[in-house]
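Here is the structure we will look at.
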Amino acid sequence: MCFWGALVFSRPWVVTLACIATALGLLALPQAQRISLPLPFFLVPAFLLALTFPIAFDHQRVVELVPLFPLALAAWSWGASQRFGEGFWRFVAAAGAAASLVALAQALGGLQAAGDAVALLPPALREVGAARLATGRAFGTLPIPGHFAALQALLAPFLIAWLKQTHGWRRLLPVGLLVLSLAGCLASRSLLGTGLWVLAVVLTLYRSGPRPLRVLLPAAGLAALALVLFLREDMARFEPLALRAVNWRVAFWVFLQHPWVGVGLGGVGIAGLTSPWGEHNITPFAHNTPLQLLAEFGLLGLPFFLALFFLAFRLAFRLWLADRPTAVALLVALFHNFFDFSFYEPALLFPFCLLAGARSLQPEATSRLFFPLLSLLLGGAAVVAALQARTQGMADQARQQPPEQQLNVLLRAASLSPWRLAEPMEAAWLVVQTGDRQKVQLVEELLDRRAWVAPQSASWAQAKATLLLLQGRKAEAWAWAREALRRAPFRRDLAELEQQCRP
C-alpha cells in the first residue's frame, strides 16, 4: 500500500522507493508461489535498451525512463503471484479517488499558491510551469492533468463494481468515491480523460446493474464532459487536436529518418527539432505510445511491442464476460495511450501491469533466472534514481540561495549524476546572468564533458556558444551558434545569437 501511495503521489524519491519495495517484495515470495513472464519478456527489452543506448538522442531521459521497464515486469509478476482479490482493488480504487481531493484543492486556489514555487525554477522550466498553471487545469497527485484523469477512468470500473455489489446505506461510500473521481476529472479539465471516464462507466454497466444506475452515472459523466468542453477555451481553436496532429507527424518523420533502430528511449523531442513541424512540436512526447515506441526503437523493436499490445487486447477481450471491471480498465488504459503517453507514467503503468498479471488466464512457469535478474535490475535502478532525486533536490536548494552561492551548489549537484545535462545547463545560464568570468571556463569544461548526454541538443550548442562569446572567443562561438541554428532552425533567438557571434 505504501508502494501504491508513493506511485500516486509521484515525488522525486518515488522511483527509488518503488524499486526497493518491489525488489524486496518479489524476493520475499516463496519459490513455489512465484509466477513470471517467460524470460524473453525480460531479455528482449533489455537487448533493445542496450542496443539503442549508444545512439540515443537524449541519454538523460533514457536514464529517467529505464526504471519503468523493471517496474512493469515486477508489477505483472507481483499480480500473477498474489492474485489480489476484490478487497484489494476496492482499496486501490478508493485511494485513487481520494487523490481527487488534491485536484479539487488545486482547482479552488491551490494553483495560484504554486506560482511562488514556479518562480524558483530555471528560466526554461519557469516558462513551461507558468504556462501550465495559467490554464487553470488541476493535475492532482501526478505531473500532468490528463494522466490524473486517465487514472480516475482506469479505477472507475472497480468503484462501479463495488457499488453494484452493495445495498442500502452501504452504497454511500462507493457513490461518494465515484462523485469524487468524476470531480477530479472535471478539475483536470481533461477532455480525453473525462470522456474515458464516461466510456468506462457505460462499458462496465452495459447490460448489467440497476437501470437507474445505468442512466444516472453516464448522464453525470456527460454533463461533466460538456462542462469541460465549455471551460476549455483552447477547444474553440482545436488546439489539443492540432498539437496531436503535429506530434504524430513529427514522430512518424523521426521514424522515417531513423527507421532501423530509432532514436533511443525519450529521444523523439530532440530528434524532431529539425522536422518541418519542429517549431510547433512543444512536447517531447508523441501523444501516441505505439507511434512513439516505433520512433524510439525503430523496426527492430516493432515486433516485440506489437506482440505486447496484441496480448494486452486479447486479455481484455477474454475477460469481458468473466471479469468486466478488469477488462474495461485494461481497454481504457490501452485506448488512452493511442491519444496520449500515460504508459510513460509509473502511476498508470504499474496498476495496468498489476491488473494484467493478476488476471492472466494461463500464467507461465517461472524461470529461475527471472526473479534474481529482475531484483538486480531493480536495485540498480533504485541507486540511479536515488542519485537523480538527490541531484534534483540540491538543484532546488540552489535556487533558494543567493546568486553567489547558487553556482557552487549546482556544480556539486551536477557531480552526483554524470548522465544529467539539466544542472550543467542551469549553471551555464547562471554564469551568463551573473557575469562571473572566473567560473566561465569551469562551467564550459563541465558542458564539454556532458556533450554526450544530448549530442544533438540545440540548447547545449547555444550555451556553448554563449560561454565562448563571454570569453571573447568569437570565431569558436560563431561555429557553435551556427551548429545550434542547424539543430533547431526555427528558433529566432539562435538566429540572433548567430548574428551576434559573427566575427
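Some notes on this structure:
- Computed as a quarter of the hull surface, the mean projected area of the alpha carbon convex hull for the range 449-503 stands at 3.4 nm².
- Proximal lysines to Lys439, defined as alpha-carbon separation beneath 30 angstrom and excluding residues fewer than eight positions away on the same chain: Lys464, Lys474
- In percent, rounded to a whole number, the relative contact order of the chain is 21, using alpha-carbon pairs under 8 Å and six or more apart.
- For the range 153-307, the pair-distance distribution built from all alpha carbon pairs, in bins 5 Å wide starting at 0, is 2, 9, 15, 14, 11, 11, 11, 11, 8, 5, 2, 1, 0 percent.
- R0 of 30 Å, Cβ-Cβ distance Ala46-Asp448: FRET efficiency to nearest 0.05: 0.45
- The phi-based Karplus calculation (6.51 cos²θ - 1.76 cosθ + 1.60; θ = phi - 60°) puts the 3J(HN,Hα) values of the range 32-38 at 5, 8, 6, 10, 9, 5, x Hz, whole numbers, x for Gly and Pro.
- In terms of packing, defined here as the mean over residues of other Cβ atoms within 10 angstrom, the peptides 74-81, 396-403, 332-339 line up highest first as 74-81, 332-339, 396-403.
- Where Rh is the Kirkwood radius over Cα pairs, Rg/Rh for the range 405-501: 0.96
- Couplings 3J(HN,Hα) for the range 310-323, derived from phi with the Karplus relation 6.51 cos²θ - 1.76 cosθ + 1.60 (θ = phi - 60°), are 4, 5, 5, 5, 4, 4, 4, 5, 5, 8, 4, 8, 7, 8 Hz, where x marks Gly and Pro.
- The length gained by stretching the chain between Arg170 and Val202 to full extension, at 0.36 nm per residue less their Cα-Cα distance, is 9.3 nm.
- For the range 475-485, putting each phi into the Karplus relation 6.51 cos²θ - 1.76 cosθ + 1.60 with θ = phi - 60° gives couplings of 5, 5, 4, 5, 4, 6, 5, 5, 5, 4, 5 Hz, in residue order, rounded to whole numbers and with x for Gly and Pro.
- Amide H to amide H, with H built 1.01 Å from N, Ile35 comes under 5 Å of Ser81, counting only residues 5 or more places away or on other chains.
- At R0 = 51 Å, FRET efficiency that the Cβ-Cβ distance of Leu104 and Arg492 yields, to 0.05: 0.80
- Taking every DSSP helix (H) stretch of at least 4 residues in the chain, weighting each as -39,500 (n - 2.57) and dividing the sum by the residue count yields a mean residue ellipticity at 222 nm of -23000 deg cm²/dmol.
- The listed peptides 289-295, 25-31, ordered by packing as a protection proxy, come out as 289-295, 25-31 (highest mean of other Cβ atoms within 10 Å first).
Taken together, the values in this text are just the output of simple stated rules run on the coordinates, not laboratory data. None of these values were measured; they are calculated from a predicted model. Neighbour counts run over all protein chains shown; Cβ positions are idealised from the backbone, glycine included.
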